[in-house]
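Down below is the structure, laid out as structure tokens.
All of the numbers you see were taken from the coordinates with simple rules; none came from a lab. Remember, predicted model here, so these are calculated numbers, not experimental data. Virtual Cβ from ideal backbone geometry, glycine too; neighbours counted across all protein chains shown.
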Amino acid sequence: MAISKCAIKSLLKNLYPDFSSKELIDKLDSIITLAKKERCRDLKNWDKRLDKLWYKQSENIMYVLYADLFAADAAKEAKLKGLIERLDYLTDLGVTNIHILPALESSGDAGFAVDNYRKIDPELGTMADFKRLTRAAHAKGIKITFDLVLNHVSDSHKWASELKRGNKKYFDYFIIDETKTGKSRLKIPDMFPEFAPGHWDYVPEIDKYVWATFYSRYPIKGKKYNNFAHWDLNYKNPDVLFGMIENMLFLANRGVDVFRLDAVSYLWKELGTDCLCLSQVYEFMYIFCYALESLAPKATILVEACVANNDLVKFFKKDASAQLAYNFTIMPFLWYSVIRENVIMLSSILSFRSFIPRNCSWITFDVCHDEVNLERIEANVPGKKGQMITKFLFDSLIKDSKGEPFRFKEGEKYGYGVSGTKWSLLGGDLARNEKEINIVIKKIMLINAFKLSIGGVPLFYQGEELALSNDYSYKKDPKKSMDSRFVKRQKITDEMRERRKIRKTKEYKVFNELKKLIDIRKRYKIFGHGRTRIKRSRNSKLLVFERKFGKERLLVIMNFCGKQQRYLLKSAFKDLASGADVGKGKIYIEPYSFLWLYHNA
Ligand code: GLC
């Protein structure tokens with residue numbers, strides 16, 4: 001155990017000065033002891049079998065999916081069973097880690113408004129089905145990533161229902177506006193300005209406002225916006241912390257390997273601050289990590305926080321805190337490079353990547369179930385220049401391709417997000433002929449090669465391997481129409497998947513090329529372990545970086561433009577894609593192509 005019980009006790013004392021630290025640590029201990037008793041033999045064996053740093057290995061290929069959409073052909077209430085039947089499709093691609101998006105009983109936000117942490121959404125199946133699914137996945141070597149939505153619960157969760165009933169104990173589980181006006185100013189920007197403005201939710205049953213960072217049902221008394229709300233939890237109450245830890249351990253005992261801590265940066269609130277990554281948040285990470293490691297020593301924590309790099313790296317502590325975090329900074333700059341055909345910004349962002357402990361790793365992604373998030377651009381490039389880049393990218397993704405605006409307030413010049421599938425955002429739907437289609441496919445593979453070789457864990461979003469287009473049917477559903485993220489949350493049928501077997505289709509090309517790259521990555525440790533160094537180059541079209549691991553060397557050269565580029569190689573390598581030897585001297589990189597050059601001394 002990397003962090004001692006004694007250290008956890010003093011953290012609890014710090015966080016809860018008005019409580020007895022002995023009672024708090026005893027309570028935590030009893031929760032862990034109970035969970036340990038409940039852990040089944042299969043999972044105990046699994047714990048023994050896994051390598052401590054399994055998530056850093058080049059074999060760790062992550063794929064994020066919605067069980068119901070991915071198993072669209074499966075019968076209602078049997079979606080998890082349907083997912084089990086479709087695991088072979090994922091292993092065929094090379095996936096070894098599936099992030100199953102929220103599958104618990106919920107009242108909205110595509111599952112993130114959790115009503116019950118112990119019950120699977122009845123439309124998908126039961127908790128027994130979930131357990132069957134994790135067991136079947138483990139048998140194929142697939143790990144399970146699952147959300148722990150810990151910043152908020154839905155306003156139908158039992159804690160919220162108790163509050164609505166006027167049960168005083170539960171008033172302390174949430175944060176109530178003392179001014180009773182719902183007007184206390186919070187320094188938090190609107191998360192979803194289009195459909196969930198403000199940060200307070202009026203609760204008619206008790207005639208009070210509660211804190212709701214993300215979604216409110218009644219942001220204004222008497223005016224209903226949504227059919228559900230996310231009520232922020234009050235972590236100043238230790239019962240909230242213990243309740244959430246119990247939920248986490250319950251799910252760990254059903255086979256979850258990675259907990260994605262949703263919106264974790266907001267966990268601790270102080271009026272008058274931006275409530276982002278306050279120091280207490282990191283203290284909680286130690287406690288969650290301690291509890292999880294005590295039960296499931298190889299399980300890991302993935303941080304979902306779109307915050308400054310300096311704040312993000314504080315989640316990474318050697319052997320004692322989170323092990324994984326999404327890299328929200330790379331995402332928009334990667335898109336900018338592809339659209340602008342210029343790598344200068346991306347290369348300088350990558351050069352200043354912070355140093356993180358060896359046991360930690362970034363998740364690299366370009367699309368996911370949410371929008372392409374543009375917020376980190378202005379945070380990294382201040383002033384007019386940052387605004388120009390954001391506006392350029394926003395406009396290009398919307399006007400020149402098929403993106404849908406997100407985080408866009410009426411009357412503003414541009415928004416901070418764009419929704420769409422990778423294929424549509426790259427202009428695939430507007431391609432007029434085979435040549436243009438092939439260019440889009442080349443760009444897709446360029447992005448994929450980047451994700452697979454930059455270091456860290458590559459993440460793929462359901463359907464991107466099939467080059468799926470946007471699906472606009474959400475616009476007809478009043479519960480979804482305001483939220484453009486649904487444009488890429490579409491059903492994937494078996495027939496759609498079968499197209500990957502038909503030669504010449506885009507599905508065939510993208511699926512098989514991706515499969516080939518994944519296969520190469522898995523064969524060389526250097527893709528997972530080791531360090532990346534960006535090579536400065538005067539050529540704004542070429543991104544060049546080098547990885548080193550022991551005696552292995554990997555040189556990656558990526559051409560982000562439509563013209564062939566030249567590069568001077570200083571030593572000889574093996575080209576991993578073709579297997580051919582490449583001598584030193586001038587080499588040429590084709591439009592929108594890349595080289596993975598390997599050397600083992
Ligand atoms: C995270 C999820 C997003 C959700 C939000 C609120 O950002 O990725 O889909 O809406 O948290 O839970």
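Summary table
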item	result
Added length on full extension, which subtracts the Cα-Cα distance from 0.36 nm per residue, ALA572 to ARG165	139.2 nm
Label-point separation in nm, ARG49 to THR505, each point 7 Å along Cα→Cβ	3.4
Angle between the chain longest axis and helix 238-252 axis [Cα atoms, degrees, rounded to 10]	50
Contour excess over end-to-end distance, with Cα ends at SER348 and LYS385 and 0.36 nm allotted per residue	11.8 nm
For ASP51, ASP73, ASP232, ASP18, order by how many other beta-carbon atoms lie within 10 Å, fewest first	ASP18, ASP51, ASP73, ASP232
Amide proton proximity set for VAL372, modelled H, under 5 Å, gap of 5+	VAL418, SER419, GLY420
Charged-residue dipole, Cβ positions (Lys, Arg, Asp, Glu), the chain about Cα centre, Debye nearest 20	2240
Using a Förster distance of 41 Å, the FRET efficiency for THR181-ALA7 (Cβ separation, nearest 0.05)	0.50
Inter-site label distance for ASP494 and THR126 at 7 Å from Cα along Cβ, in nm	2.4
For the stretch 46-55, 3J(HN,Hα) per residue [Karplus equation, 6.51 cos²θ - 1.76 cosθ + 1.60, θ = phi - 60°, Hz, x = Gly/Pro]	4, 4, 6, 6, 6, 6, 4, 9, 3, 6
Paramagnetic reach from LYS551 in the stretch 577-601 [backbone N under 13 Å; point 7 Å along Cα→Cβ]	599-601
Sequence-distant lysines (8 or more away, or on other chains) whose Cα lies within less than 17 Å of LYS413	LYS384, LYS385, LYS391, LYS399
Packing-based exposure ordering (other Cβ within 10 Å, fewest first) of HIS529, HIS152	HIS529, HIS152
³J(HN,Hα) computed for each position of the stretch 205-222 - Karplus, 6.51 cos²θ - 1.76 cosθ + 1.60, integer Hz, glycine/proline x	4, 10, 6, 9, 10, 10, 5, 9, 4, 9, 9, 10, 7, 10, x, 10, 3, x
Residues whose placed amide H lies under 5 Å from that of ASN116, excluding near-sequence neighbours	GLU105
Three-way shape call for the stretch 357-463 based on the alpha-carbon gyration tensor, with the a/c threshold at 1.5	oblate
Loop trypsin sites (Lys or Arg not before Pro), the stretch 444-537 (other Cβ atoms within 10 Å of the site Cβ: 14 or fewer; DSSP)	LYS479, ARG503, LYS504, ARG536
All aspartates and glutamates inside 17 Å of LYS9 as judged from Cα atoms, apart from same-chain residues fewer than 8 positions distant	ASP18, GLU23, ASP26, ASP29, ASP239, GLU283, GLU293
Distant-in-sequence amide H partners of ALA263 (H built 1.01 Å from N, under 5 Å)	GLU304
Simple label model, 7 Å out from Cα along Cβ direction - ARG41 to ASP274, nm	5.3
Per-residue ³J(HN,Hα) for the stretch 160-177, Karplus 6.51 cos²θ - 1.76 cosθ + 1.60, θ = phi - 60°, Hz, x for Gly and Pro	5, 5, 4, 4, 4, 6, x, 5, 4, 3, 8, 4, 8, 7, 10, 10, 9, 5
Long pairs among LYS563/LYS586; LYS443/LYS584; LYS522/LYS548; LYS56/LYS525; LYS36/LYS131; LYS187/LYS224, criterion Cα-Cα beyond 19 Å	LYS443/LYS584; LYS187/LYS224
Coarse-grained scattering of the stretch 124-239 at q = 0.16, 0.19, 0.22, 0.24 Å⁻¹, given as base-10 log I(q)/I(0) from a Debye sum over alpha-carbon atoms	-0.76, -0.94, -1.17, -1.35
Reachable aspartates and glutamates, given that their alpha-carbon falls under 14 Å from the alpha-carbon of LYS422 and they are not under 8 places away in the same chain	ASP366, ASP370, GLU371, ASP400, GLU404, GLU464, GLU465, ASP471, GLU507
Efficiency of FRET from Cβ geometry, LYS119 and GLU205, R₀ 22 Å, rounded to 0.05	0.40
